[in-house]
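Student: Take this structure, written in structure tokens, and hold onto it; I'll ask about it next.
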Amino acid sequence: QNHLFKDLDLNISKGEKIALVGPNGCGKTTLLKIISNRIAADEGEVWLGSRVEPGYYGQEYEDLDPQNTVLEEILANFDIQIEQARTVLGSILFSEDDVFKPIKNLSGGEKGRLALLKLILSGANFLLLDEPTNHLDLDSCQTVEKILQDYEGTLLMVSHDRYFIDQIADRVITLQNGRLESYHGNYSYYQEKVQSRNKADMAARREAAREQSKPEIAAREQKKEQERIRRKRIRALEDMEHRITELEEQKSRIEIKLSDPLTYSEEENARAFTAAYKELEEELQFAYNEWEELSKLLEDEPMEGNNDELFAR
Ligand SMILES: Nc1ncnc2c1ncn2[C@@H]1O[C@H](COP(=O)(O)OP(=O)(O)OP(=O)(O)O)[C@@H](O)[C@H]1O
Ligand SMILES: [Mg+2]
């Protein structure tokens with residue numbers, strides 16, 4: 001089962017004018033209908049003060065009789081004289097012949113105004129209005145705005161109209177992800193609060209990102225160090241290659257000497273060349289081993305850069 005909300009806790013004091021805002025389908029209408037006792041909650045309770053008379057204004061204008069004219073609708077429901085009825089209807093922009101229009105022919109805006117007037121005349125002191133400015137033209141909007149500003153009862157209204165909320169509400173409640181949050185102020189105040197909270201959230205996220213990137217920085221440092229070692233090894237390898245070339249040249253020079261019969265005419269000479277030759281061979285062997293080890297180290301390393309240059313030799 002899909003829960004719209006759970007464990008909501010909301011206190012409304014006498015005289016408060018509250019705007020309920022929230023994304024489409026989050027359950028605003030449902031909550032209003034539960035509070036006004038039009039539908040029952042699966043769980044929980046709604047307490048109304050003993051003298052509270054709730055009046056609900058729905059998105060569907062369920063409470064208007066389409067067969068009545070505007071004037072009939074007022075006369076049928078309230079103990080009121082025709083003159084008085086026409087005066088109050090005039091106050092919500094039904095003038096002259098307008099009052100004889102059948103309700104079924106009214107526009108959404110006209111129905112909205114009439115439904116609202118009925119609510120006020122009903123003596124309801126706790127209005128629950130579901131998007132009262134929906135379908136209203138600008139004139140109707142301003143009229144309703146004025147009526148609600150002057151209204152002395154308690155008001156809980158759902159609205160998406162920020163300007164309208166700003167003109168009327170002294171408290172904004174958000175319904176989001178099944179949770180209510182309350183802001184004591186008008187819509188602008190609510191926006192300020194949300195913005196500064198978003199800023200704080202963003203700063204916290206940035207800080208968290210910085211914390212998280214610490215290992216990355218360490219990894220970067222480590223890579224730099226590896227690169228330093230690698231370059232050092234490349235230099236050592238190059239030095240070793242020069243050394244090997246040098247030793248090989250010396251060796252071939254001595255080989256020439258050793259293959260010359262003249263060398264052997266002097267015993268000491270021959271011994272010296274032979275010894276030098278042996279020494280060179282050992283040194284070369286050592287150099288080859290060293291070179292091999294270095295190039296193996298470099299080959300095994302995971303490299304960032306291109307090592308082709310090195311191994312092309
Ligand atoms: N009688 C019902 N049975 C089952 N689901 C319903 C019923 N009434 C409404 N819903 C669903 O409950 C969810 C909340 O509806 P509700 O009308 O309360 O939202 P809302 O916040 O008023 O949305 P909106 O901003 O569009 O008016 C919606 O997904 C809707 O489809
Ligand atoms: Mg709704």
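The values are calculated or read from the model by the stated rules, or taken from the named source; none is laboratory data. Given the structure is predicted, the values throughout are model-derived calculations rather than measurements. Positions of Cβ are backbone-derived with ideal geometry, glycine not excepted, and every protein chain shown enters the neighbour counts. Each accessible area value is taken on the protein alone, full model and side chains, heavy atoms only, with ligands, DNA and RNA left out. Shrake-Rupley method; radii C 1.70, N 1.55, O 1.52, S 1.80 Å.
Student: On the given criteria, is S213 surrounded by 10 or more Cβ atoms within 10 Å (Cβ to Cβ) and either closer than 24 Å to C26 by Cβ or at pLDDT 85 or above (or both)?
Tutor: Taking the combined requirement at face value, the residue does not satisfy it.
Student: Now for a different question. Any idea which residue in the stretch 123-175 is surrounded by the most Cβ atoms within 10 Å (Cβ to Cβ), counting only those that are in contact with a Lys or Arg (Cβ under 9 Å, 6 or more places away or on another chain) and part of a loop (DSSP other than H, G, I, E, B)?
Tutor: The extreme case among them is A169.
Student: Here is a list: L284, L258, L298, L294. Which entry is modelled with pLDDT of 90 or more and either surrounded by 10 or more Cβ atoms within 10 Å (Cβ to Cβ) or within 60 Å of the chain's Cα centre (by Cα) (or both)?
Tutor: L284
Student: Right, another one. Does T30 fit the bill of being surrounded by 12 or more Cβ atoms within 10 Å (Cβ to Cβ), among the hydroxyl-bearing types (S, T, Y) and more than 25 Å from S107 (Cβ to Cβ)?
Tutor: Considered against the rule, which asks whether it is surrounded by 12 or more Cβ atoms within 10 Å (Cβ to Cβ), among the hydroxyl-bearing types (S, T, Y) and more than 25 Å from S107 (Cβ to Cβ), T30 comes out as yes.
Student: When you scan the stretch 1-19, how many residues do you find that are under 17 Å from L48 (Cβ atoms) and not charged (D, E, K, R)?
Tutor: 7
Student: Among the listed residues G123, G112, which satisfies the condition of being within 16 Å of ligand 2 (Cβ to nearest atom) and under 27 Å from T30 (Cβ atoms)?
Tutor: G112
Student: So T87 ticks every box in (1) part of a helix (DSSP H, G or I); (2) open to solvent by less than 20 Å² (accessible area, probe 1.4 Å); (3) more than 29 Å from G49 (Cβ to Cβ) but one. Which box is left unticked?
Tutor: Exception for T87: condition (2).
Student: Of all residues in the stretch 37-84, how many are more than 16 Å from ligand 2 (Cβ to nearest atom) and not in a loop (DSSP other than H, G, I, E, B)?
Tutor: Going through the stretch 37-84 one residue at a time, the tally reaches 14.
Student: Is it fair to say L148 is within 16 Å of ligand 1 (Cβ to nearest atom) and hydrophobic (A, V, I, L, M, F, W, C)?
Tutor: no
Student: Under 6 Å by Cβ, and 6 or more places apart or on different chains, what pairs join a residue from the stretch 1-18 that is within 16 Å of ligand 2 (Cβ to nearest atom) with one that is not aliphatic (A, V, I, L, M)?
Tutor: Correct list of pairs: L4/G27; L4/T30; F5/G27; F5/G178; I18/R171.
Student: So V21 fits all but one of (1) within 28 Å of E152 (Cα to Cα); (2) loosely packed, with under 13 Cβ neighbours inside 10 Å; what number is the exception?
Tutor: (2)
Student: Sticking with this structure for a sec: Any chance the stretch 49-57 includes a residue that's closer than 30 Å to I12 by Cβ, surrounded by fewer than 20 Cβ atoms within 10 Å (Cβ to Cβ) and polar (S, T, N, Q)?
Tutor: Checking the stretch 49-57: at least one residue is closer than 30 Å to I12 by Cβ, surrounded by fewer than 20 Cβ atoms within 10 Å (Cβ to Cβ) and polar (S, T, N, Q).
Student: Of everything in the stretch 39-84, what is touching a residue at least 24 places away in the same chain (Cβ under 8 Å) and among the β-branched types (V, I, T)? Give them in sequence order.
Tutor: Those that are touching a residue at least 24 places away in the same chain (Cβ under 8 Å) and among the β-branched types (V, I, T): V52, T69, V70, I74, I80.
Student: Restricting to the stretch 85-109, name every residue that is within 16 Å of ligand 2 (Cβ to nearest atom) and free of Cβ contacts under 8 Å to residues at least 24 places away in the same chain.
Tutor: none
Student: From N2, N37, N11, N105, which residue is within 22 Å of Y187 (Cα to Cα) and out of contact with any helix residue (DSSP H, G or I) (no Cβ under 9 Å at 6 or more places or on another chain)?
Tutor: That would be N11, the only listed residue that is within 22 Å of Y187 (Cα to Cα) and out of contact with any helix residue (DSSP H, G or I) (no Cβ under 9 Å at 6 or more places or on another chain).
Student: Go through the stretch 236-255 and give me each residue that's surrounded by 16 or more Cβ atoms within 10 Å (Cβ to Cβ) and β-branched (V, I, T).
Tutor: I244, I254
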